[in-house]
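*Asks:* One structure, pasted below without further comment.
The values are calculated or read from the model by the stated rules, or taken from the named source; none is laboratory data. This is a predicted model, so every value here is computed, not measured. Every residue, glycine among them, receives a Cβ derived from its backbone with ideal geometry; neighbour counts consider all protein chains shown. SASA here: full protein model, heavy atoms, side chains in, ligands and nucleic acids out. Shrake-Rupley method; radii C 1.70, N 1.55, O 1.52, S 1.80 Å.
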Amino acid sequence: MQLSTPMQTAPDIVLEDLSLDFAGQPLFADLTLTLAGGRTTCILGPSGCGKSTLLKLMAGSPNLDFKGRIRFEPTTDSTVAWMSQNDLLLPWFTLLDNVLLGARLRGELSHEKRAKALALIREAGLTGYEDKLPTALSGGMRQRGALLRTLMEERPVILMDEPFSALDALTRVRLQNLAARLTVGATVVLVTHDPMEALRLGHTIVVLGGAPVRVLEIIEPAALPPREAGNPEVTALYASLLKRLMNGEAA
Amino acid sequence: MQLSTPMQTAPDIVLEDLSLDFAGQPLFADLTLTLAGGRTTCILGPSGCGKSTLLKLMAGSPNLDFKGRIRFEPTTDSTVAWMSQNDLLLPWFTLLDNVLLGARLRGELSHEKRAKALALIREAGLTGYEDKLPTALSGGMRQRGALLRTLMEERPVILMDEPFSALDALTRVRLQNLAARLTVGATVVLVTHDPMEALRLGHTIVVLGGAPVRVLEIIEPAALPPREAGNPEVTALYASLLKRLMNGEAA
Amino acid sequence: QKLTVLLDWFVNPDHAPLFVALEKGFFKNHGLDVTLIAPSNPNDPPKLVAAGQADIAVSYQHQHQMQVSEGLPLTRIATLVATPLNSLVVLKDGPIKSIADLKGKTIGYSVGGFETALLKVMLEKEGLALGDVKLVNVNFSLSPSLFTGQTDAVIGAFRNFELNQMDIEGRPGKAFFVEEYGVPAYDELILVAASNRLSDPKLRAFVDALEEGVQYLINHPDESWKLFVSGDRASLDDELNRRAWKDTLPRFALRPGALDHKRYTRFADFLLKEKIVDTVPELEKWAVELR
Amino acid sequence: MNILRPLILTAGLLLLWQLLVTLTGAPPYILPGPLPVGHALLDKFPLLLSHLGTTLTEILLGLALGTILGTGAALIMILSPLLKRWMLPVLVVSQAIPVFALAPILVLWLGYGMASKVGMAVLIIFFPVASSFYSGMQRTEPDLLELARIMGAKPLAVLRTIIIPSALPAFASGLRVATAVAPIGAVVGEWVGSSAGLGFYMLHANARMQIDVMFAALTVLAVTSLALYFLIDRLLDKLVFWQPKQGIQ
Amino acid sequence: MNILRPLILTAGLLLLWQLLVTLTGAPPYILPGPLPVGHALLDKFPLLLSHLGTTLTEILLGLALGTILGTGAALIMILSPLLKRWMLPVLVVSQAIPVFALAPILVLWLGYGMASKVGMAVLIIFFPVASSFYSGMQRTEPDLLELARIMGAKPLAVLRTIIIPSALPAFASGLRVATAVAPIGAVVGEWVGSSAGLGFYMLHANARMQIDVMFAALTVLAVTSLALYFLIDRLLDKLVFWQPKQGIQ
Ligand SMILES: Nc1ncnc2c1ncn2[C@@H]1O[C@H](COP(=O)(O)OP(=O)(O)OP(=O)(O)O)[C@@H](O)[C@H]1O
Ligand SMILES: Nc1ncnc2c1ncn2[C@@H]1O[C@H](COP(=O)(O)OP(=O)(O)OP(=O)(O)O)[C@@H](O)[C@H]1O
Ligand SMILES: [Mg+2]
Ligand SMILES: [Mg+2]
């Protein structure tokens, strides 16, 4: 399948002095971070440190009451695609219709979109399930559906929250490659708990930790992603990254 | 925290000639498999191959129309604890109440149970969140809640469906150790997509694959779990297991 | 000419002259195309005539006077039933032998105001006051409330109707007629039209046709009955209506268009005295003989 | 679907009815037993059927219109919180106005034809639909709305694709209530003034103490209501196809 | 909560009312304007209040009893599919029986006291509650029930802990409908036979052609309905605390 060219220049995402409280507890306090445009940034960090919340902030959620600035540079609008941590498939739509949700919501359904959706479904190993309702799909199949729906959006900014967590090793690699291919040139923010995944897919790897959360480390491997798991740079970085992660917030 | 002694002898789980169709497609066809009593069996297999369904069958779900026999040997009743792939926390209960759900449902709430639940919550790194509703928890925190709820059950048979998939590396190891400690002596069936997790925790590792699904491989490492990630046996097995998994159903 | 008449209630023998005139073609002879409509709330038809929704409504003299007192632009143009029908009814075999026996008893009624005033006068005649009895609005079910012993007497029962009904059910009743207990005689059923439309010649034509209907009815009661229960009114052909028919015949106004000024003023004064109405306009404003 | 079950059910209900009459000792002019009513039913069958025709038309029209207006009102309220603040009190008050106050107004505006009767039926039917549908839409999963917002969805598309389907189970439950009260809606409508219909005929029979006939008409109404209810129930189950109805134990 | 808003709302609604009167040209004996009604309201205020007392008691008793019976019926139906098959038709039919058919029966059994009015109110109120609550319970997430089964839960505990909370949003929506129809339930109950209450007083005023007084009583009833509705609405929002009510856009 051919990669569709990214439609707009992919912007940087600039977070400045971000502060947010939940129930009086500060989750972010003056967090400042810039994510490079057109690159894939993988975010790692302990469970509950605020990764999903950060993604929602970048997606411009109107329900979060934060202080500070979140900017896209250059400014663009309607530029974000978001894959949430839970799949959010619509139970009344088939897999295909769910994958086509964005197009339908924007009134852009077309023969090409359908063809593209079907091709993606095939690539994700879901052939034969196009007309199944989400209740008839396994957890990993649902996650793949949600991923395809996000990839269909072809946005310059793509936010993905643990997109491969429910997949077996083989399917995971296949979909990682698919995602990497389809998001070339876009600003991708990918939250994951798998350091190997981060090292394979990220131009940049940001490790978060602490409370309120701060950036513990930023890793920028030399080779371009997607990298092979056997790549010596990856292997070397993996050991140190894992060690860092296993040391916890204290580090 | 001290391990409470398993209450009954943990039975073998015997599956004989199991057949099950979904929408005319055979998911299982004459599947036969015995899971050793008192041991931890980790199940690996491609997404959608039927792992969750298998767990539901072992849990005795009355909604699945299967052929064949599923027996516990020696026969015991009300012996199963089940952790589903999605967390199934009750939105109207706090984390603590959710962890205590089983006790409440059986009318066994007691001071000891509360104390134990609080201790588990502390061990899972959730102190301070006891009185939060699930909506105020992150994905990984919810998953930990569901895991604790399952561990509270102290059943001779424990079925867990990807219990650590939403956790970061450090939290994951901590909870794996916690789970391993609390389930010593029980028959544990643990579905996972992480071969390292399987190798760390399983007495036996069962690799499923193909359609209808069959047992591709059974691995029984010599050392007793939980094994260290650095353990040479684990490292050796990991490479071959990963290769096997990456080869897919064809193998 | 089209002419819509709203009845006071479901079709019953009280409306006999109207249906005879309709079936015999008397209306048609006078150039009228008459539609008769039955409502289920007797209060509404006059209001709707006042509002121009229909030409003529069947009303009650007391109700008409209350409506006039409240300022509704309505005028009585003819009489259908020329005597009171209202009565106080008790079970024949019950303990109430005279009005005086009602002391401390429960009395049911369905129309607030007027019926309680009638009762008051009747009780006072026997030395009781309204406070000596317990009143309860039983709305839809006069005779059932008697039968079940929930009430000891009911006011508002029609002598040509409820009495027969009770008889048929095997629980015969006994009626105390209001006009025999101090209530001045009045017309039970009258016809009213909007005051500003009285000069419309079709109203007079209607009254004339109605008079022909009454005449035919009195002269040929049996043929009239057949006309009454013809067509889609076949379901009216039952024991109760047959009996009611007989009892109602002598009560129809033989000169529907005629107006007894003195009788109307006397009853109006009675309503005024009993505070059922608080004003009585000049008679010409609310009751006329059409020219 | 067992063919025997409805038969047993009917027989059982008739028995219950007879039992009620016998046990409470209700006299026949208040609550006649199934036998005399059955007799009256057979006796007046063609007449009853013709009245049923009128009432059924009113029921169906009222149900259709009430559902349309109810969903319409719910949609307006969900789309505009401002309009909602003004509409909700009016809707609530509309439920508290008794027939006899409303009947003359309706006749004044709609005349004595079918319109005023259907109007009255609509008034009774639309509130359960509007209220349930509105609550249902209000309970749409916020994350789905967030997803739609991020996708740059058109408001109408969000409504059609996400909000309305989310509310369909609640809507179905409201429509079930509406269907159950629809027959009484039509009957009450007939109090406005009419010359046909089961409600009219019942009032009529009641006024003449033909209690057995009234109960015969009531039986026809009851059977119609049941048929309608179970028909709509079936259809609604199809509407919420992704959420199969299940027993609890 | 803005203090001004209810004032503006009230003024607006009164204006709407006047507009309706003016625009449709409804004569004052059919639909009086707010001014004469306001006058009558002030005039009869103490009397209206005392009648309101009676009606309010009926409403509250009816609502309480109707809710209890409604939830009870729903619970029975969810616990026993067999009983449900027998009860549901009876419940549906109970909604299709008009007052005048029921009134004598109710009076026969319950007398002319408060009981028969409350009985009538209950009959109108309980169905929306029963029906919504039942649908809500039926829509309990099957996996939660499966979890409870595996946990060896006691049936009553499952009900209390899982099924009932799952159904609370639906129950709340049913109770909202019930609250809106509760006042008419009480008024209809007063038609059964009464000597006090707003419904009684309205009938009385209507019969005496005191249309302004009738509308004054109606206004009192409407205001009471609104107050009750918004009160219960608040309480219900608290009941479903884990699902905050949200606007859609
Ligand atoms: N209710 C259902 N109706 C129809 N098909 C179903 C149903 N539940 C599961 N299936 C099918 O059964 C197969 C196995 O599902 P299952 O959830 O057991 O997979 P799994 O091995 O747990 O996958 P995953 O790793 O993605 O969780 C899938 O192909 C799915 O489509
Ligand atoms: N709606 C909410 N109300 C209150 N607190 C919340 C809410 N949403 C999130 N939180 C809190 O914010 C913190 C961060 O949550 P978030 O979901 O962003 O974590 P996360 O980094 O994505 O974790 P995970 O890896 O487990 O998904 C958590 O401690 C959680 O308790
Ligand atoms: Mg998260
Ligand atoms: Mg699974």
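*Asks:* Taking only the alpha carbons of region B:91-154, what extent do you get along each of the three principal axes, in Å, biggest first?
*Replies:* On the principal axes, region B:91-154 reaches 29, 23, 17 Å in Cα extent.
*Asks:* Kindly identify residues of region B:89-121 having a loss of at least 20 Å² in accessible area between the isolated chain and the assembly of all protein chains, probe radius 1.4 Å.
*Replies:* Residues losing area: B:Leu90, B:Pro91, B:Trp92, B:Leu101, B:Arg104, B:Leu105, B:Arg106.
*Asks:* Now, a different point. Hey, with R₀ at 41 Å, roughly what FRET efficiency would B:His111 and D:Ala115 work out to, going by the Cβ-Cβ distance, to 0.05?
*Replies:* 0.05
*Asks:* Also, quick follow-up: Ordering C:His15, E:His204 by how much accessible area each has at a 1.4 Å probe, largest first, what is the list?
*Replies:* From most exposed to least exposed: E:His204, C:His15.
*Asks:* Rounded, prolate or oblate, given the Cα gyration tensor of region C:110-255, with a/c below 1.5 counting as rounded?
*Replies:* oblate
*Asks:* Continuing with this model, one more query. State the residue of chain A whose Cβ is nearest the axis carrying A onto B, and the distance in whole angstrom.
*Replies:* So the closest residue, with its distance, comes out as A:Ser165, 2.
*Asks:* Let me have the 222 nm mean residue ellipticity of chain E computed from DSSP H runs of 4+ only, each contributing -39500 (n - 2.57), with the sum over all residues rounded to the nearest 500.
*Replies:* After summing the helix terms and dividing by residue count, I get -27000 deg cm²/dmol.
*Asks:* Probe of 1.4 angstrom, ligands and nucleic acids ignored: what's the accessible area per residue over the protein assembly as shown, in square angstrom?
*Replies:* Using a 1.4 Å probe on heavy atoms only, each residue of the protein assembly as shown averages 38 Å².
*Asks:* Straight-line reach from C:Lys92: which aspartates and glutamates have a Cα under 17 Å away, not including same-chain ones fewer than 8 places off?
*Replies:* By straight Cα distance, C:Lys92 reaches C:Asp101, C:Asp152, C:Glu162, C:Asp167, C:Glu169.
*Asks:* Just to make sure I understand: if all protein chains stay in place, what is the order of D:Leu48, E:Leu123 by accessible area at 1.4 Å, largest first?
*Replies:* E:Leu123, D:Leu48
*Asks:* Separate question: Taking the full set of protein chains and a 1.4 angstrom probe, give the accessible area of E:Ser94 in square angstrom, rounded to the nearest 10.
*Replies:* 20 Å²
*Asks:* If you line up the long axis of helix E:114-138 against the longest principal axis of chain E, both from Cα atoms, how many degrees apart are they, to the nearest 10?
*Replies:* That helix lies at roughly 40 degrees to the long axis.
*Asks:* Another question, if that's okay. Considering the convex hull of the alpha carbon atoms of the protein assembly as shown, report its projected area averaged over all viewing directions, in nm², one decimal.
*Replies:* 54.8 nm²
*Asks:* E:Lys84: which lysines have alpha carbons under 16 Å from its alpha carbon, excluding same-chain residues fewer than 8 sequence positions away?
*Replies:* Filter leaves D:Lys245.
*Asks:* Same structure, new question: Pull up the cross-link candidates among the aspartates and glutamates for C:Lys125, meaning alpha carbon to alpha carbon under 12 Å and not fewer than 8 places away within one chain.
*Replies:* Result set, ordered by chain and number: C:Glu179, C:Glu180.
*Asks:* Please calculate the 1.4 Å probe accessible area of B:Arg71, with all protein chains present, and give it to the nearest 10 Å².
*Replies:* 80 Å²
*Asks:* Place the label 7 angstrom along Cα→C-beta at D:His39 and in each other copy, then list the distances from the first to the rest in nm, shortest first.
*Replies:* Ordered by increasing distance: 5.8 nm.
*Asks:* Moving on. At a 1.4 Å probe, which residues in region C:28-56 are at least 20 Å² less accessible with all protein chains present than in their chain isolated?
*Replies:* Buried by 20 Å² or more upon assembly, which counts only protein chains, are C:Ile37, C:Ala38, C:Pro39, C:Ser40, C:Asn41, C:Asn43, C:Asp44, C:Lys47, C:Leu48, C:Ala51, C:Gln53.
*Asks:* Given contacts defined as C-alpha pairs under 8 Å and at least six residues apart, what's the relative contact order of region E:34-239, whole-number percent?
*Replies:* 31 percent
*Asks:* Largest first, how would B:Arg227, C:Arg243, B:Arg174, C:Arg197 line up by accessible area (1.4 Å probe)?
*Replies:* Output order, biggest surface exposure first: B:Arg174, C:Arg197, C:Arg243, B:Arg227.
*Asks:* With angles folded into 0 to 90 degrees, how steeply does helix A:232-247 sit against the dominant principal axis of chain A? Use alpha carbons for both and round to 10.
*Replies:* 60 degrees
*Asks:* Mind checking how much accessible area A and D bury in total, 1.4 Å probe, in Å² rounded to 100?
*Replies:* Interface area, both chains combined: 2000 Å², rounded to the nearest 100.
*Asks:* Please compute how much accessible surface disappears when C pairs with D, both sides summed, using a 1.4 Å probe, and round it to the nearest 100 Å².
*Replies:* Between C and D, the summed buried area is about 2200 Å².
*Asks:* Measuring nothing but label to label, 7 Å from Cα along Cα→Cβ, what are E:Val90's distances to the other copies in nm, shortest first?
*Replies:* 4.2
*Asks:* Placing the label point 7 Å from Cα along the Cα-to-Cβ direction, what are the distances from E:Arg160 to the equivalent spots in the other copies, shortest first, in nm to one decimal?
*Replies:* Its label point is 4.9 nm from the equivalent points in the other copies.
*Asks:* Set the bar at 24 Å for Cα to Cα. Now go through A:Lys51/B:Lys132; C:Lys226/D:Lys44; C:Lys105/C:Lys174; D:Lys154/E:Lys238; C:Lys273/E:Lys117 and name every pair that lies beyond it.
*Replies:* Check vs 24 Å cut-off fails for D:Lys154/E:Lys238; C:Lys273/E:Lys117.
*Asks:* Then there is this: Give me the net charge for the shell around D:Leu218: Cβ to Cβ below 13 angstrom, other residues only, Lys and Arg +1, Asp and Glu -1.
*Replies:* 0
*Asks:* Run the 1.4 Å probe and let me know the accessible area of A:Thr32, rounded to the nearest 10 Å².
*Replies:* Number for this one is 80 Å².
*Asks:* While we're looking at this one, here's another question. Please tell me the relative contact order of region C:204-281 in percent, rounded to the nearest whole number, where contacts are Cα pairs under 8 Å and at least six residues apart.
*Replies:* Over region C:204-281, the number comes to 34 percent.
*Asks:* While we're here: Ignoring ligands, DNA and RNA, what percent of the accessible area of region E:96-165 is carbon or sulfur (1.4 Å)?
*Replies:* Roughly 69 percent, rounded to a whole number.
*Asks:* Using the basic label-point model (7 angstrom from Cα toward the beta carbon), what is the D:Thr10 to A:Asn177 distance in nanometres?
*Replies:* Those two pseudo-labels are separated by 6.8 nm.
*Asks:* At a 1.4 Å probe radius, carbon and sulfur cover how many percent of the accessible area of chain B?
*Replies:* Accessible surface attributable to carbon and sulfur in chain B totals 52 percent.
*Asks:* Suppose a student asked you for the relative contact order of region D:1-126, using Cα pairs under 8 Å spaced at least 6 residues apart; what percent would you report?
*Replies:* Answer for region D:1-126 is 28 percent.
*Asks:* How big is the equivalent ellipsoid of region D:34-239 along its three axes, where each semi-axis is √(5λ) from the Cα gyration tensor, reported in whole Å from largest to smallest?
*Replies:* Result for region D:34-239: semi-axes of 38, 19, 11 Å.
*Asks:* Could you work out how far helix D:198-207 tilts from the main Cα principal axis of chain D, as a 0 to 90 degree angle to the nearest 10?
*Replies:* Tilt relative to chain D: about 40 degrees.
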